[in-house]
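Scroll down for the structure; my scribbles are underneath it.
The values are calculated or read from the model by the stated rules, or taken from the named source; none is laboratory data. It should be emphasised that the depicted structure is a prediction, and the values quoted were computed from it without experimental measurement. Neighbour counts are summed over all protein chains in view; Cβ atoms, including those assigned to glycine, are modelled from backbone coordinates with ideal geometry.
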Amino acid sequence: MAAHKRQAVGVDIGGTGIKGAIVDLESGALTSDRIKVATPKGAQPEDVLGAVREVLATLGVDDSDTPLGVAFPAIVKDGRTLSAANVSERWIGFEAEKFFEDGLGRDIHFANDADVAGVAEVRYGAAKGQRGLTLLTTLGTGIGSALIYNGVLVPNTELGHLHRAKHGKDAEAYAAYSAMERDSLTWEAWAKRLQWYYGHLEFLFTPDLFVVGGGVSKHADQFLPLLKLNTPIVPAVHRNNAGIIGAAALAGDER
């Protein structure tokens with residue numbers, strides 16, 4: 001394996017799947033197959049730890065020599081998860097970083113999944129070299145967000161939970177990709193919901209660039225051209241690999 005300065009492992013824990021790969025830290029490219037296992041039903045801490053062990057063993061990096069970053073769908077502060085999106089409520093107020101470090105027998109870098117996706121796009125993707133305010137969103141089961149100013153991340157923004165006045169639902173319940181599937185929306189009908197969401201973000205933050213991530217970004221030509229915004233809006237380069245790449249990049253920084 002190459003020198004530690006050039007490679008790290010990223011693991012991205014989601015509500016339905018847990019993905020991992022080895023990442024070249026110079027280019028941001030995956031240097032191994034992407035390994036994916038199903039997130040255990042209920043996503044209890046012990047079961048998720050077991051699934052992460054399986055991913056690392058399959059990659060052949062279940063030792064402590066290679067830096068490891070772990071992305072998780074929750075607010076993360078000082079290693080503690082303060083929310084739980086599509087995982088067990090036991091994660092709320094949980095010492096997650098220590099739990100993984102003790103269970104894996106190694107140091108890790110632990111962070112919010114949308115935040116690390118933002119880091120990946122700033123370092124290796126659509127927002128590389130971008131000055132001013134970049135706002136990345138991930139459209140999937142929910143809506144994750146990463147707020148980045150002049151390349152510096154402002155963590156845990158949770159802008160998928162903005163509420164629509166007088167409607168009783170937050171943005172992700174109304175406009176996430178899961179809402180499109182749930183309500184059997186056409187691209188055009190879904191774009192009307194996204195127009196409200198991105199228009200509201202534009203009013204609140206006046207960003208210089210929107211980056212749209214998540215698996216649906218591979219179909220960006222179906223919905224982004226339908227949006228009428230003053231801010232440029234582009235698909236993420238790394239799509240569903242952004243969490244892996246960003247987690248690995250931050251782990252490499254720490255090492």
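Please work out if residue 37 is in contact (Cβ under 8 Å) with a residue 12 or more places away in the chain and surrounded by 18 or more Cβ atoms within 10 Å (Cβ to Cβ). Spelling it out, it is not the case that residue 37 is in contact (Cβ under 8 Å) with a residue 12 or more places away in the chain and surrounded by 18 or more Cβ atoms within 10 Å (Cβ to Cβ). Selection of region 203-218 for residues being in contact (Cβ under 8 Å) with a residue 40 or more places away in the chain, closer than 20 Å to residue 17 by Cβ and out of contact with any strand residue (DSSP E or B) (no Cβ under 6 Å at 6 or more places or on another chain) yields only 215. Applying the condition of being at pLDDT 95 or above, under 13 Å from residue 21 (Cβ atoms) and of a type in the set (A, V, I, L, M, F, W, C) to region 53-69 and asking which residue is surrounded by the fewest Cβ atoms within 10 Å (Cβ to Cβ) yields 59.
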